[in-house]
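Chemist: Sending over a structure as structure tokens; questions will come in a sec.
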Amino acid sequence: MTGEHSETVLITGASSGIGLELAKCFADDGANLILVARTTQALEKLADELQQEFSIKATVITADLTQSNSAAKIFADVKGRGLTADILVNNAGFGLHGAFAELPLKRQLEIVTVNISALVELTGLFLPGMLARKRGGILNVGSVAGFVPGPNMAVYYASKAFVQSFSEALHHELRGKNIKLTNLCPGPTDTNFSQTARMFRTRRTSVNKMSAEAVAEIGHEDFCAGKFLSVPGSANKLAAIAPRFLPRALVRRIIGHYNKLAPTGSGSA
Ligand SMILES: NC(=O)c1ccc[n+]([C@@H]2O[C@H](COP(=O)([O-])OP(=O)(O)OC[C@H]3O[C@@H](n4cnc5c(N)ncnc54)[C@H](OP(=O)(O)O)[C@@H]3O)[C@@H](O)[C@H]2O)c1
């Protein structure tokens, strides 16, 4: 299929992991892509590969979403190139492992900026166009972490709780407007996430992880089917539902244990 007359999908965090795999899924549909992240070289390599394999058009926009004006710059850049984002994938995000008081505050505020502020701002900038065209979609990448409090990763879990609540409210507001909204909530996934979050000695690093490819394929399929909540994998589905039936104090203890530093030499990478 040629990408000439198809939809255009803007994906943040497309340089690696789940975002990169989502780009492949949408390219396979014949969609044109706007690939956003900080690492230009990785984006250009992906753009070249996908253009060749799927005969689509892929545009690269280098942006650092910790910068407060980045969403506005991306929006202006898209407009300036004469492009339209029919679908917005808010995937870029990261976490940081450790006790809140012991982690650099500046870096934790950057989690809020990337995972929350940029997601809200990009949504606010691109949604009016979708509403005017009476079609489009938003795929937000949340996490099963959004369903529980996360001792030793407090800001990250709270940021994903925001994504969950915001997405759910927006999904309700968009009823009957022909605009899809999906909240993709992966559990542990084999990407650069753990390394960026410096989760070198947590129990989390030793659990079975899904591949980014499998997560993206499920998220993409659920988005196309118009599902609001997409939780890939049965273990993750259980992790998303079980906390509703457990006392909150117990949930905090379980997650705190899961995110605790494992003793040195315990084998978890
Ligand atoms: N892996 C997991 O276990 C897991 C579980 C649940 C949810 N998630 C969520 O899945 C999403 C994707 O993460 P991933 O697992 O695929 O990890 P990843 O491989 O580290 O990918 C993160 C992506 O976000 C981009 N990004 C990070 N900081 C950025 C910034 N300041 N400005 C622009 N782009 C930035 C990165 O690109 P550059 O470095 O090139 O900028 C990269 O493309 C995140 O929202 C994460 O919270 C992951």
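Nothing in this text is a laboratory measurement; each read-out follows from the coordinates by a stated rule. Not measured: the values here are computed from a predicted model. Don't worry about glycine lacking a Cβ; one is built from the backbone with ideal geometry, like all the others, and counts go over all protein chains shown.
Chemist: With no solvent and one equal point scatterer per Cα, compute the Debye intensity ratio I(q)/I(0) for the range 8-258 at 0.07, 0.08, 0.09, 0.11 Å⁻¹ and report its log10, rounded to two decimals.
Modeler: Taken in order of the listed q values, log10 I(q)/I(0) reads -0.22, -0.29, -0.37, -0.55.
Chemist: In the range 50-179, how does Rg compare with the Kirkwood Rh, expressed as the Rg/Rh ratio over alpha carbon atoms?
Modeler: With Rh from the inverse mean 1/r over Cα pairs, Rg/Rh is 1.01.
Chemist: All other residues with a Cβ under 11 Å from the Cβ of ASP28 taken together, and with Lys, Arg as +1 and Asp, Glu as -1, what is their net charge?
Modeler: Taking every Cβ under 11 Å from that of ASP28, the sum is -3.
Chemist: Using 1/(1 + (r/R0)^6) with R0 = 41 angstrom and r between the beta carbons of VAL207 and LEU83, what's the FRET efficiency to the nearest 0.05?
Modeler: That gives a FRET efficiency of 0.55.
Chemist: Oh, and also: Just want the answer: with Cβ charges of +1 for Lys and Arg and -1 for Asp and Glu, which residue in TYR157, GLY93, VAL207 is farthest toward the dipole's positive end in the chain?
Modeler: Towards the positive end, the residue furthest out is TYR157.
Chemist: Under a Cβ-Cβ cut-off of 15 Å, what is the net charge of the residues other than LYS180 that fall near it, where Lys and Arg count +1 and Asp and Glu count -1?
Modeler: -1
Chemist: Next question. I want the local charge near THR62. Using Cβ-Cβ distances under 12 Å, sum +1 for each Lys or Arg and -1 for each Asp or Glu among the other residues.
Modeler: Result for the neighbourhood of THR62: -1.
Chemist: Between their Cα atoms, which of LYS106/LYS177; LYS45/LYS260; LYS24/LYS237; LYS106/LYS227 are more than 32 Å away from each other?
Modeler: In this structure, LYS106/LYS177; LYS45/LYS260; LYS106/LYS227 lie more than 32 Å apart at Cα.
Chemist: In addition: Report the gain in length on full extension from ASP29 to GLU221: 0.36 nm times residue separation, minus Cα-Cα distance, nm rounded to one decimal.
Modeler: 68.0 nm
Chemist: Now for a separate question. Between ARG133 and ALA42, what's the calculated FRET efficiency when r is the beta-carbon distance and R0 is 30 Å? Round to 0.05.
Modeler: 0.45
Chemist: Right, here's the next one. Taking only Cα atoms and a 10 Å spring cutoff, compute GNM fluctuations for the chain and point out the largest among LEU65, LEU43, LEU131.
Modeler: Top of the fluctuation ranking is LEU131.
Chemist: Also, quick follow-up: With label points built 7 Å along Cα→Cβ from the Cα atoms of ALA169 and SER6, find their separation and express it in nm.
Modeler: Distance between label points: 3.5 nm.
Chemist: If amide H atoms are built 1.01 Å from N in the plane of the peptide, which residues on other chains or at least 5 residues away come under 5 Å of the amide H of LEU229?
Modeler: ASN183
Chemist: Could you estimate the translational diffusion coefficient of the range 96-145 from the Stokes-Einstein equation, with Rh from the Kirkwood formula over C-alpha pairs, at 10 °C and 1.306 mPa s, in whole µm²/s?
Modeler: Translational diffusion coefficient: 121 µm²/s.
Chemist: Let me ask another. Among the aspartates and glutamates, which fall within straight-line cross-link reach of LYS209, defined as a Cα-Cα distance under 13 Å, with same-chain neighbours fewer than 8 residues apart omitted?
Modeler: Here the aspartates and glutamates satisfying the reach criterion relative to LYS209 are ASP190.
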